[in-house]
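Asks: Next up is a structure, given as structure tokens.
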Amino acid sequence: MEYETIIGLEVHAQLLTRSKMFCSCSADYANAPPNTHVCPICLGMPGVLPAINQKAIEYTVMTALALNCTIAEHAKFDRKNYPYPDLMKGYQISQYDAPMGQHGWLSLDIDGIRKKACITRVHLEEDVAKLTHRTSSEGENYSLVDVNRSGVPLMEIVGEPDISSPEEARQYLMKLRAILQYLGVSTGNMEEGSFRCDANISIRPVGSTEYLTKVEIKNMNSFKAVYRALDYEAQRQREVMGKGGKLVQETRGWVDDKEITVSQRSKEYAHDYRYFPEPDLPPLVFDKAWVNKIRARLPDLPEARRDRFISQYGLPLYDANLLVDSKWMANYFEECAKIITGSKEADQKKAKIASNWILGDFSRMLNATGSRIEDTKVSPTQLVEFVGLIDNGTLSGPAAKAVFEDMFQSGKTASEIVCDKGLSQISDSTEIDNIVTQIIANNSRAVSDFKAGKEQALAFLIGQAMKASKGRANPGMVREILLQKLGGK
Amino acid sequence: MDNLHQLTITEAHQLLKQKKISSVELTKASLARLAKVEEKVHACVTISQDMALKQAAEADKIISNSEIEPLTGIPVIIKDNMCTRGVKTTCASRMLEDFIPPYDATVIQKLKAQNMVMLGKANMDEFAMGSSTENSALFPTHNPWNLDCVPGGSSGGSAVAVAADEAIYALGSDTGGSIRQPAGFCSVVGMKPTYGRVSRFGLVAFASSLDQIGPITKTVTDCTLVLNAISGHDPRDSTSAPYPVPEYTKALIPDLKNLRLGIPREYFVEGMQKEIRTSVETAIRKLEELGAEVDWEVSLPNTKYALAAYYILAPSEASANLARYDGVKYGFSYQDTNNMWEAMEKTRQFGFGAEVKRRIMLGTYALSAGYYDAYYLKAQKVRTLIKQEFDQSFEKYDALITPTSPTVPFKLGEKVDDPVQMYLSDVCTLPINIAGVPAMTVPAGFADGLPIGMQIIGRHFNEETILRIAFAYEQATEWHKRKPAL
């Protein structure tokens, strides 16, 4: 039987507020020693009370608006009760039946077709402490509690079961992350845990409208892990059904190094969170004028930016999509594009060259060095100068590559490097003539092959000439002069 | 000067200001009194003698150098559910028997800003759950008017400390009557301010939407001075009201002209002790004499649902508020196991007393899936109705007058095995917490040597009116001048 896959994603994103959700401790605990960003409030000591961080409310409303949600006129916080040593108060302050945003959507690009993935709700809660499980040298198991993370504002974005493949899921997360980054509300860093994803996945016979048993997948710590885990799980469920088996409703964890999901049911309690309204916090009231003010302040979002990159700078859809996936890469590109001057056509040509480099060698080198474009030594002005040297023929292929590598490492400008290393392109016809004459003399076999009609021999000769010039010769001129001398077309 | 411990705040302040006494002398007198009577009444769980004398010396320095505040240098005892930095805050529970908070409750900060002198921490029912202070895990407190009787609760230690002249005043907390009922049982003045008037930050939570801190004092004037000191908006308590605090002493006018008072008949409950009804009716006639217009035929029919609603709402909130005591971070921790869950369970099994566990179970049940609508949600609706009923009656009346409790102090042990009888002890006080309005109790008589209290209930954030009524009554009567023979 043919099955189709149905996926719903739940994303938790830590908000980039300066202080925690309900106390004044710094929320930036990334490099802090354990239990140094704590106070009686986030430790849940007797008698403490929460006081709402307004910035977190604002960030959540911004996100809900960017995700096309309806903003509630009245929202409230609730207590979600469950005992666990990572939960300081024995309950988590969350939002149950009156979230801040509802009924939104996010647009995906599936093979050039636009698809709306619906968002059920956007709400705000507090993060919990971090447990580290250890085994002592005597073989005794114990756990350490780091409370730094406790009380960091955590936004939950719940998607409808609208997603029909692991690839769509990956794209949904990329788009969502880009939106959060554009808004400046979250780093969206999955590896560091500031952007977390749980998935519900089920399959059903094609054409059926009923869901089969759904399985929840946890522990996916990268975009790749989400893709692999969902891919694995969709297959696993098909296999179970194919063998006439029965799917169990359960929570499964993704095991990254084994690339499988395993059941985590571990006698999971029939969870009854006993939600009730948080009596320590007054209900939230969202005034229309305030919401409109927030809406007016929303920055350019990825989709709008992509469309602008296409219309304003003439980029192909493919380039524009890739660039806008990262706010910083898009910012970088846009700064370059703004510096480029000339006629509209010349601008667009240069912008495309800049885009090629940003998405190509530049990205590759950033990845290889584990660095970020926002910290690079190559300023947009420098990249634009470099693009100019390519555009006017001063630099070509291999030489350009060498120059860029040097720029990336040293932070020097392209012209400095070209000057230092004498790397500028040779476009002087006499000089090229000399090189070509030499090549013809040294490669009589290839010359005769060419004359006998073997077209590939020409490419070989051009390559030899380029090599002899250390890549500096203008390849077009080399070809032209070679053909002249060999009496070809 | 003799008997300094018997002074009121007002008297002590005058003497301190005129430098006729020092705070150290006053503090020593109180500590001496404490040493003398504490073995009979057991009001305190912690006596912070050294700290008190240091604070008194500090206060004396302030007094000699500058203008003094009304509470500067005056000895106080604090209910042991308000966090005091560096001083144990036990909530009279095994769970927090050795817990020393690293911070001060907002009310403590406010009193410290006036250079208070803290003599110690007062006994209470464990986590403020109870009406007799017999639920203290440490020891019971005795009523100074009859040592065989309970002092009421949960702020029993605070009320006794004031009635027995161990302290000049005290702070209590009131979730369903926990200030008013013991103050009534001990013949002192006690007020539960409007919910939101006083910051709850640092008050160990029992039922967050009902808890409120308030003064327990020897006179109504003293009550206004303490209320002035502890009231006001606190950014750390989002439920505290952002309203300015009036100067409460200005409300103290000794006549009741143009005040309309309502007497809700539902508060003169069936089974109420005869002497209570007679005493409170006599007191009301006194109010009439003082110029108030009294309507004896007021009805608040939803009052009868208050007790049931309260015992859903308060335990529900408590079940969450007390979830943090798991032995992991502070307080009692059961160690004799290798299993985390067992350690957490045993910590709670042995750390909490029976009444606390009863309420946690009640609340957990009421919030459970399938029961939430029938219990918690229904109780919230009842709460809305009770609030509306109070609001409507306050359109007609400036205040409502009732007894503070249906009986005089009962014998120790008399009701410990009958929780419902014990709960009924708060039947006149807990509707007020449900409505969130302010109310206070003043001494209004005795039956067989045991105190009777009159409760005065006011509009939201209108403590002035009830203080005015209490003050006029106090000026016209002598009950507050009686002292227990200890």
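The values are calculated or read from the model by the stated rules, or taken from the named source; none is laboratory data. Just so it is clear, the structure is predicted and the values come from calculations on it, not from any experiment. Reconstructed Cβ throughout: ideal geometry from the backbone, glycine too, with neighbour counts over all protein chains shown. Side chains are part of the model used for accessible areas, which takes the heavy atoms of the whole protein and leaves out ligands, DNA and RNA. Shrake-Rupley method; radii C 1.70, N 1.55, O 1.52, S 1.80 Å.
Asks: Leaving ligands, DNA and RNA out of it, report the carbon-plus-sulfur percent of the accessible area of chain B at a 1.4 Å probe.
Replies: 51 percent
Asks: Which value, in debye to the nearest 20, describes the size of the charge dipole of chain B about its Cα centre when Lys and Arg Cβ atoms bear +1, Asp and Glu Cβ atoms bear -1, and nothing else is charged? Working shown, then result.
Replies: Values: 50 positive and 56 negative charges, 99 e Å.
It comes to approximately 480 debye.
Asks: Which pairs, out of A:Lys20/A:Lys293; B:Lys17/B:Lys54; A:Lys76/A:Lys218, put more than 21 Å between their alpha-carbon atoms?
Replies: Values: A:Lys20/A:Lys293 24 Å; B:Lys17/B:Lys54 19 Å; A:Lys76/A:Lys218 28 Å.
Beyond 21 Å: A:Lys20/A:Lys293; A:Lys76/A:Lys218.
Asks: From the Cα gyration tensor of region A:302-421, with a ≥ b ≥ c the square roots of its eigenvalues, which class applies: rounded if a/c is under 1.5, or else prolate if a/b is larger than b/c, or else oblate?
Replies: Note, shape of region A:302-421 comes out oblate.
Asks: Dipole size in debye (nearest 20) for the protein assembly as shown around its Cα centre, Lys and Arg Cβ +1, Asp and Glu Cβ -1?
Replies: On the way: 110 positive and 119 negative charges, 313 e Å.
With only Lys, Arg, Asp and Glu charged at Cβ, the dipole is about 1500 debye.
Asks: To the nearest 0.05, how large is the calculated FRET efficiency for B:Met340 and A:Ser26 if R₀ is 35 Å and r is the Cβ-Cβ distance?
Replies: Step by step, r from the Cβ atoms, then E = 0.75.
Asks: D for region A:3-294, whole µm²/s, Stokes-Einstein with Kirkwood Rh over alpha-carbon pairs at 20 °C and 1.002 mPa s: what number?
Replies: Answer from the Stokes-Einstein relation: 106 µm²/s.
Asks: Taking the Cα centroid of region B:12-83 and of region A:67-119, what is the distance between the two, rounded to the nearest whole Å?
Replies: Cα centroid of region B:12-83 versus Cα centroid of region A:67-119: 53 Å apart.
Asks: Now for a separate question. State the percent of C-alpha pairs, over all pairs in region B:384-486, separated by a distance greater than 19 angstrom.
Replies: Numbers: 2706 of 5253 pairs.
Considering region B:384-486, 52 percent of its Cα-Cα pairs are separated by more than 19 Å.
Asks: How big is the A-B contact in terms of buried accessible area, both chains counted, 1.4 Å probe, rounded to the nearest 100 Å²? Let's see the in-between values first.
Replies: Details: alone 24660 and 18280 Å², together 40270 Å².
Its buried surface, counting both partners, is about 2700 Å².
Asks: Relative to the isolated chain, which residues of region A:67-93 have their accessible area cut by 30 Å² or more in the presence of all protein chains (1.4 Å probe, heavy atoms, no ligands or nucleic acids)?
Replies: Residues meeting the cut-off: A:Arg79, A:Pro83, A:Tyr84, A:Pro85, A:Met88, A:Lys89, A:Tyr91.
Asks: In a shell of Cβ-Cβ distance under 11 Å around B:Asp426, excluding B:Asp426 itself, what net charge do Lys and Arg (+1) and Asp and Glu (-1) give?
Replies: That works out to 0.
Asks: What FRET efficiency, computed as 1/(1 + (r/R0)^6) with R0 = 41 Å and r the Cβ-Cβ distance, is obtained for A:Thr437 and A:Ser363, rounded to the nearest 0.05?
Replies: According to the calculation, E is roughly 0.50.
Asks: Given a 1.4 Å probe and every protein chain left where it sits, what share in percent of the accessible area of chain A is carbon and sulfur? Working shown, then result.
Replies: Details: 11800 of 23280 Å².
Reported share for carbon and sulfur atoms: 51 percent.
Asks: Could you point to the residue in B:Gly156, A:Ser448, A:Thr251 farthest towards the positive end of the protein assembly as shown's charge dipole, with +1 and -1 charges on the Cβ of Lys/Arg and Asp/Glu respectively?
Replies: Value: A:Ser448.
Asks: Going by a 1.4 Å probe on protein heavy atoms, which residues of region B:355-385 end up with at least 10 Å² less accessible surface in the whole assembly than in their chain alone?
Replies: B:Thr364, B:Leu367, B:Ser368, B:Ala369, B:Tyr372, B:Tyr376
Asks: For region A:350-402, just say rounded, prolate or oblate: build the C-alpha gyration tensor, square-root its eigenvalues into a ≥ b ≥ c, call rounded for a/c under 1.5, and beyond that prolate if a/b exceeds b/c, oblate if not.
Replies: Prolate shape, in that a/c is at least 1.5 and a/b is the bigger ratio.
Asks: With all pairs of different alpha carbon atoms counted, what Kirkwood hydrodynamic radius in Å does region A:76-174 show? Mind showing how you got there, number by number?
Replies: On the way: mean 1/r = 0.0613 Å⁻¹.
After inverting the mean inverse Cα-Cα distance, the result is 16.3 Å.
Asks: I would also like to ask the following. Over region B:133-246, give the accessible area per residue in Å² for a 1.4 Å probe, as an integer.
Replies: Counting only protein heavy atoms, the per-residue value for region B:133-246 is 15 Å².
Asks: Averaged over all directions, how much area does the convex hull of the C-alpha atoms of chain B cover when projected, in nm²?
Replies: Numbers: hull surface 86.6 nm².
That works out to 21.7 nm², a quarter of the Cα hull's surface.
Asks: Run the quick spin-label model on B:Lys396 and B:Leu147: label points 7 Å from Cα toward the beta carbon, then report their separation in nm to one decimal.
Replies: The modelled label-to-label distance comes out at 4.9 nm.
Asks: Can you give me the Cα centroid spacing of region A:252-312 and region B:265-330 in angstrom?
Replies: A separation of 45 Å, based on Cα centres.
Asks: So how far apart, in nm, are the two label points at A:Leu483 and A:Arg18 if each is 7 Å from Cα heading toward Cβ?
Replies: Label-label distance for A:Leu483 and A:Arg18, simple model: 6.6 nm.
Asks: Rounded, prolate or oblate: pick one for region B:82-191, where a ≥ b ≥ c are the square roots of the eigenvalues of its C-alpha gyration tensor, a/c under 1.5 means rounded, and failing that, prolate if a/b is larger than b/c, else oblate.
Replies: Because a/c hits 1.5 or more and a/b fails to exceed b/c, region B:82-191 counts as oblate.
Asks: Tell me, what is the Rg over Rh of region A:403-481, with Rh the Kirkwood radius over Cα pairs?
Replies: 1.11
Asks: Please calculate how many Å² of accessible area region A:3-294 carries per residue, with a 1.4 Å probe and no DNA, RNA or ligand atoms counted.
Replies: 44 Å²
Asks: For A:Thr17, what charge total do you get from the other residues with a beta carbon under 12 Å from its beta carbon, if Lys and Arg give +1 and Asp and Glu give -1?
Replies: Net charge around A:Thr17: -1.
Asks: Are there residues in region B:223-254 whose accessible area shrinks by at least 20 Å² when all protein chains are included rather than the chain by itself, and which are they (probe 1.4 Å, ligands and nucleic acids not counted)?
Replies: B:Arg236, B:Ser238, B:Thr239
Asks: Moving to a separate point now. Run through all the Cα pairs of region A:351-489 and give the fraction in each 5 Å bin from 0, expressed as whole percent.
Replies: 2, 10, 19, 17, 14, 12, 10, 9, 5, 2, 0, 0
Asks: Test of understanding: extend the Cα→C-beta vector of B:Gln49 to 7 Å, then name every residue of region B:1-30 with backbone N under 18 Å from that spot.
Replies: B:5, B:24-30
Asks: Principal axes first, then extents: for the Cα atoms of region B:181-295, list largest minus smallest coordinate on each axis, whole Å, largest first.
Replies: For region B:181-295, the Cα spread along each principal axis is 44, 34, 25 Å.
Asks: May I pose another question? Can you check what the Kirkwood hydrodynamic radius comes to for chain A, Cα pairs only, in Å to one decimal?
Replies: 26.7 Å
Asks: Got a sec? Which residues in region B:183-213 would a label at B:Ala113 touch, if it sits 7 Å along Cα→Cβ and we count backbone N under 18 Å?
Replies: Once the point is set 7 Å along Cα→Cβ of B:Ala113, B:196-203, B:213 turn out to lie under 18 Å by backbone N, inside region B:183-213.
Asks: Please state, to two decimals, what the Cα-based radius of gyration of region B:281-348 comes to when divided by 2.2 N^0.38 Å (N = residues).
Replies: Relative to the 2.2 N^0.38 Å estimate, region B:281-348 comes out at 2.22.
Asks: How many Cβ atoms of partner chains, on average, are near each residue of B:316-327 if near means within 10 Å of its Cβ?
Replies: 6
Asks: Ok, one more. I want to verify the translational diffusion coefficient of the protein assembly as shown in µm²/s; compute it with Stokes-Einstein, Rh as the Kirkwood radius over Cα pairs, at 37 °C and 0.692 mPa s.
Replies: 99 µm²/s
Asks: Considering the dipole of the protein assembly as shown built from charges on the beta carbon (Lys and Arg +1, Asp and Glu -1) around the Cα centre, which of A:Ser363, A:Val418, B:Ser199 is farthest to its positive end?
Replies: Highest projection toward the positive end goes to A:Val418.
Asks: Extending each Cα 7 Å along its Cβ direction at A:Lys470 and B:Lys257, get the distance between those two points in nm, one decimal.
Replies: 10.9 nm
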